[in-house]
Each structure stands twice: as C-alpha cells, then as structure tokens.
1. Can you confirm whether E191 is surrounded by 15 or more Cβ atoms within 10 Å (Cβ to Cβ) and on the phi < 0 side of the Ramachandran plot?
2. With the structure loaded, tell me whether E105 is acidic (D, E), modelled with pLDDT of 95 or more and touching a strand residue (DSSP E or B) at 6+ places or on another chain (Cβ under 9 Å) or whether it fails that test.
3. Quick one: how many residues across segment 23-34 are surrounded by 17 or more Cβ atoms within 10 Å (Cβ to Cβ) and within 15 Å of the chain's Cα centre (by Cα)?
4. Kindly indicate whether any position in segment 141-149 is more than 23 Å from Q89 (Cβ to Cβ) and more than 15 Å from the chain's Cα centre (by Cα).
5. In segment 104-118, which residues are under 13 Å from P18 (Cβ atoms) and either touching a residue at least 24 places away in the same chain (Cβ under 8 Å) or assigned to a helix (DSSP H, G or I) (or both)?
6. Exactly one condition in (1) within 22 Å of Y107 (Cα to Cα); (2) touching a Gly at 6+ places or on another chain (Cβ under 8 Å); (3) not hydrophobic (A, V, I, L, M, F, W, C) is not met by E180; state its number.
7. Looking at L124, L133, which one is within 22 Å of K86 (Cβ to Cβ) and open to solvent by 40 Å² or more (accessible area, probe 1.4 Å)?
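The values are calculated or read from the model by the stated rules, or taken from the named source; none is laboratory data. Small disclaimer: the values here were computed from a predicted structure and weren't measured. Reconstructed Cβ throughout: ideal geometry from the backbone, glycine too, with neighbour counts over all protein chains shown. Surface accessibility is based on the protein's heavy atoms, side chains included, excluding ligands, DNA and RNA. Shrake-Rupley method; radii C 1.70, N 1.55, O 1.52, S 1.80 Å.
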Amino acid sequence: MSEPVRAVLIELEGAAVPMAFATGTLMPLAQARLGAFIAEHASDPDVEDALEETGRLLGGFDLKLEEAEALLLRWMKQNRKATPLKTIQGLIWQESYEAGALKSELYPDVAASLRSWASSGLRLFVYSSNSRLAQQLLLSHSASGDLTSLFEEFFDTSIGQKVEPASYRAICERLDLPSESVLALSGDGEELDAAQSAGLATTLIAREGPADSRHAVCPDFASLNLGS
C-alpha cells in the first residue's frame with residue numbers, strides 16, 4: 001500500500017450490521033408500513049420530495065399515492081437502490097425507533113473496533129445504499145450506545161451508486177484525501193471492485209465464513225487491527 005490508511009469507508013449492512021437484521025426485520029417493517037406511512041405523511045417535505053423524485057425516475061410522471069406505493073414496493077422486491085425509496089424507508093424506521101419498537105443490531109466486535117480506530121486518529125465514514133438518516137439510526141439505537149459521533153460523514157446514493165467507481169472518486173474528493181489512503185470495508189465484492197477501480201484500498205468483511213475474493217479478506221473488524 002503506497003499510502004498509510006488515513007480514513008475508513010464502511011458499508012454497514014453485512015459488514016457491521018447482520019444481514020439477517022436488515023432482511024428479516026427492517027425490510028419487512030418498511031414493506032408493511034409503506035402504504036399507510038405515505039398516506040399519513042404525503043405532505044411532509046421529505047416525503048413529498050421523495051415521491052416527486054420517484055415520479056421523475058419513472059420518466060417524469062406525477063404519480064398518485066397508490067401508484068407511488070405500488071412502484072416503491074416493486075423496487076423494494078427488486079432490491080433497487082433508489083434514493084427516494086431509501087429516504088422513505090429511513091423515515092419509516094425512524095418512526096419505529098423513536099417509538100421504542102425497534103432496536104438495531106451490530107456485530108459484537110463493531111463498537112469496540114470503531115472506538116479504537118477513532119481514538120487512534122483514523123477518520124471514519126459510512127457509505128451505504130441506505131439513507132443518511134437510516135445509517136445514523138442504525139448506529140445510535142443499538143445496545144452499544146450511540147456511535148454516530150465517531151463518524152465524520154454519512155454518504156448515501158445521493159453521491160452515486162455503490163457499484164460505480166465515480167462514486168468513490170467523488171467521496172475521496174469530498175474528504176480531500178488521496179484515494180490510496182482510504183480503506184473501503186464491505187461484504188459485497190462488486191462494491192469493492194468499484195472502490196478498487198477508483199484507487200481505494202479494499203477489504204472484504206466475510207462474516208459468513210471464508211471467501212474467495214480478489215480483495216483482502218477479514219472475518220470481522222477486530223481482525224483488521226487498524227489502530228495499531
């Protein structure tokens with residue numbers, strides 16, 4: 001590595017947050033609540049903007065609420081990383097977190113590793129397909145306490161899709177760091193391919209067991225020892 005690691009860019013789902021929590025708890029909650037939430041909050045600025053953007057992504061249509069709901073549910077089933085969908089999902093999850101009906105799950109090694117990296121001077125960032133709000137909720141509503149203060153910034157798909165090298169170049173420009181000094185951590189090899197193409201250092205976090213990858217592989221955050 002030509003540059004020492006100065007910043008860590010972390011994907012939460014699969015690397016810090018168990019996929020079982022994302023697919024078994026968060027997604028079913030958003031799917032079940034979507035229609036009623038849109039109907040109740042259609043005039044809220046964030047929801048109104050997200051619904052307008054949904055229509056634009058479809059081709060510039062002015063969608064009725066039931067049409068927007070059907071489209072967003074279809075995108076959810078397709079696992080599409082559309083920014084307006086992720087915005088509305090985050091708002092639905094916020095409602096449940098604030099009501100005390102939802103608690104996020106992190107892998108056991110995550111909180112201690114993040115605190116160690118931050119205390120050693122590493123700059124920490126999240127880059128996820130989930131909205132900035134959803135990222136902050138995941139990191140602030142777990143048994144490990146509020147971890148959001150450890151991070152400088154939370155990037156979502158408003159800066160670009162996670163499988164596009166241009167997205168990672170844009171992030172490095174925002175950080176004002178050479179790409180080689182930024183380490184991308186993810187459980188998704190395709191995302192790491194894009195990061196590597198943009199010049200970032202990469203490590204695949206293989207929580208489910210050994211993995212064959214073109215990237216460096218670690219089973220968890222604790223094994224990285226970045227603060228040493």
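1. yes
2. In short, yes.
3. Matching residues across segment 23-34 total 1.
4. Yes, segment 141-149 contains a residue that is more than 23 Å from Q89 (Cβ to Cβ) and more than 15 Å from the chain's Cα centre (by Cα).
5. Correct list: S104, E105, L106, Y107, D109, V110.
6. Every condition holds for E180 apart from (1).
7. Exactly one residue qualifies, and that residue is L133.
Yes/no matrix, rows are residues, columns are (1) open to solvent by less than 80 Å² (accessible area, probe 1.4 Å); (2) not aliphatic (A, V, I, L, M):
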{"residue": "D49", "(1), (2)": "no, yes"}
{"residue": "G55", "(1), (2)": "yes, yes"}
{"residue": "L58", "(1), (2)": "yes, no"}
{"residue": "D62", "(1), (2)": "no, yes"}
{"residue": "K86", "(1), (2)": "yes, yes"}
